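In what follows, a structure is listed as structure tokens, so that the remarks can point back to it.
Coordinate-derived values only; no laboratory data. Owing to the predicted nature of the structure, the values given are computational and were not obtained by experimental measurement. All Cβ positions, glycine included, derive from the backbone under ideal geometry; neighbour counts span all protein chains shown.
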Amino acid sequence: MRRSAVSLALIALLLAGCDDALLGVTWVRADRHVVVDGARQAGALLITGGEVLLAPGSRTDGPVLLLGGSLTIDGLVTGDVLAPGGELRLGPWAAIQGDLGAGTALERHPDALVEGEVTVGLGLPAGTTQPRGGGWWRVLLQALATAALAAAWARWAPRRLAAMADAAGRHFPVAASLGVLVFLVGSIAAVIMAFTIVLIPATLLVLVLGVVAVGTGWAAVGYAIARALAGGPLATWADRPVWLAAFGGFDVGLALGIVERVPWVGGGVALVVSLAAMGAVALTGVGGRPFVHAGDALAAGDA
């Protein structure tokens, strides 16, 4: 069991180091990405932030789901394209062999070709590209939101927060491994549902629940760190769990926002922490039960 958990954690680290396909799903969250002339993008493409360019002469098998950021298509897409959020542009060399569903933020060149059905105006708010100048306001808001969420858990459900913090702090590899599985299943389900127009609200619900789960996991990670510091620098807050949770949540939200901007490795580190955070929430049933590792249970039995 321990060897399998470590192996899955190593796979998570490798997958998190770049935006390559995760079992057929490529997830773009930030920065600028280009599929160049002659290149092929295989599998589903999920875009929640940043800028993506499918250059002339490129091929994307799809499906393509745009929820945030911006996407410029100027090459061949053999599958469907669904863009309920974000900004979508079709250049003069764009060719979509499947259906196209877009929100209000659509720019289409007269020469762009769409062979399937075109639906414009899905009734959902169009997303925006990431703010210029690094988006530091978003980082600050992320830190404040995580601090508030952590404080709320510590105030109204301290035992649940403690259980999730224990899972994240003491069983990080196991939590990260389960987080990978939860992310894969959730993202694939969201992509599949998103391409059925009537299930778009369900897709958004899945995404919202995912964001809440990650935020709760961040709060748990922050609380675990703050509790570890309570024996030293934060000793005066040892009997104030709400303050500890808020401090830890703010630090984790801020640190992840900063680390994510480090070239090459930052996004991978942030993703691994987020996967472990999500896994800790799943391991404990949102804090409803403590997670006991099989090895710890056997050691306790021998004792």
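Projecting each Cα onto the charge dipole of the range 136-302 (Lys/Arg +1, Asp/Glu -1 at the beta carbon, about the Cα centre), which of 207, 290, 144 comes out farthest on the positive side?
144
Give the shape of the range 31-120 as rounded, prolate or oblate, defined through the alpha-carbon gyration tensor: a ≥ b ≥ c are the square roots of its eigenvalues, a/c under 1.5 means rounded, and otherwise the shape is prolate if a/b is larger than b/c and oblate if not.
rounded
State, to one decimal in nm, how far the label point of residue 262 lies from the label point of residue 170, with both points 7 Å from Cα in the Cβ direction.
Those two pseudo-labels are separated by 2.8 nm.
Each label point is 7 Å from the Cα along the Cα-to-Cβ direction; what then is the distance between the points at residue 117 and residue 235, in nm?
6.9
Sort the following peptides by mean Cβ neighbour count (other Cβ atoms within 10 Å, averaged over residues), highest first: 174-184, 33-43.
The peptides rank, most packed first, as 174-184, 33-43.
Taking amide H positions as placed in the peptide plane 1.01 Å from N, state which residues far from residue 96 in sequence (5 or more) or on other chains have amide H under 5 Å from it.
Residues meeting the amide H criterion: 77, 113, 114, 115.
5 Å is the cut-off here: which amide hydrogens, built 1.01 Å from N in the peptide plane, fall below it relative to residue 26, excluding neighbours closer than 5 in sequence?
44, 45, 46
Ranking request for peptides 244-253, 205-214: highest mean number of other beta-carbon atoms within 10 Å first, then the rest in descending order.
244-253, 205-214
Mind ranking 271-281, 51-61 by how tightly packed they are, going by the mean number of other C-beta atoms within 10 angstrom, highest first?
271-281, 51-61
Would you please give the residues with an amide H less than 5 Å from that of residue 34, counting only those at least 5 places away or on a separate chain, with H modeled from the backbone geometry?
53
Shape of the range 136-302 from its Cα gyration tensor (a ≥ b ≥ c, root eigenvalues): rounded if a/c is under 1.5, otherwise prolate when a/b > b/c, or oblate?
Oblate, since a/c reaches 1.5 and b/c is not below a/b.
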